[in-house]
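Quick one: structure below, then a few questions.
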Amino acid sequence: METSEPLKPFLLAFPGPLRDRLVAAVLSGEKVLTSGLLAEYEAEGEELPPVGERSALVDPGGREVAVVELTEVRVLPLGSVGLQYAVDEGEGYTSVAEWRAGHEAFWHSEEMREALGDPSFTVDDGTMIVAERFRVVERLP
């Protein structure tokens, strides 16, 4: 009998209404890309995830709702994000400016600044972000 290790959690945003919306967007197929700060990986001493890695998408209640597989992982400057990228985030953005405003509000939030250990953290065009493109491979009961 094969024993598989538990999947690492695929967490979007912080628990709450935003995570609710993002998880719903992944499950509906609208969200196929997520963005994080390279600084967040560095602050946590984490390696970037490899392409092909599978993780468990976690809802705000802590329940695993789907298995996602990374199909692409790229590091790029914030200023290079284009419209298709913004659309693939699946949050209803219709312009890069709208995408950027939404992400800056999150990245400049007290929660994120606390997670980074930098109370005055801000982003600019040169801030490096991690783009993780993924697909849902299984929905969990």
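Please treat every number below as a calculation from the coordinates, not as lab data. Note that the structure is a prediction, hence the values are computed from the model and not measured.
Under 5 Å between amide hydrogens, which residues at least 5 positions from T71 or on another chain qualify, with H placed 1.01 Å from N in the peptide plane?
G52, R133, F134, R135
Something else: For region 92-108 and region 16-64, write down the distance between their C-alpha centroids in whole Å.
Answer, in whole Å: 17.
Any chance you could give the angle, 0 to 90 degrees and rounded to 10, that helix 17-28 forms with the longest Cα principal axis of the chain?
Computed tilt is about 60 degrees.
Short version: ³J(HN,Hα) in whole Hz for each residue of region 47-64, in order, from phi by Karplus 6.51 cos²θ - 1.76 cosθ + 1.60 (θ = phi - 60°), x for Gly and Pro, what are they?
Values per residue, Gly and Pro as x: 6, 5, x, x, 4, x, 5, 10, 9, 9, 5, 10, 7, x, x, x, 8, 6 Hz.
Separate question: What would the Debye equation give as log₁₀ I(q)/I(0) for region 8-139 at q = 0.16 Å⁻¹, counting only Cα atoms as equal point scatterers?
-0.82
Kindly write out, for region 76-90 in residue order, the coupling ³J(HN,Hα) from the Karplus curve 6.51 cos²θ - 1.76 cosθ + 1.60 (θ = phi - 60°), rounded to whole Hz, with x marking Gly and Pro.
Result, rounded to whole Hz: 8, x, 3, x, 9, 5, x, 4, 4, 4, 4, 5, 5, 5, x.
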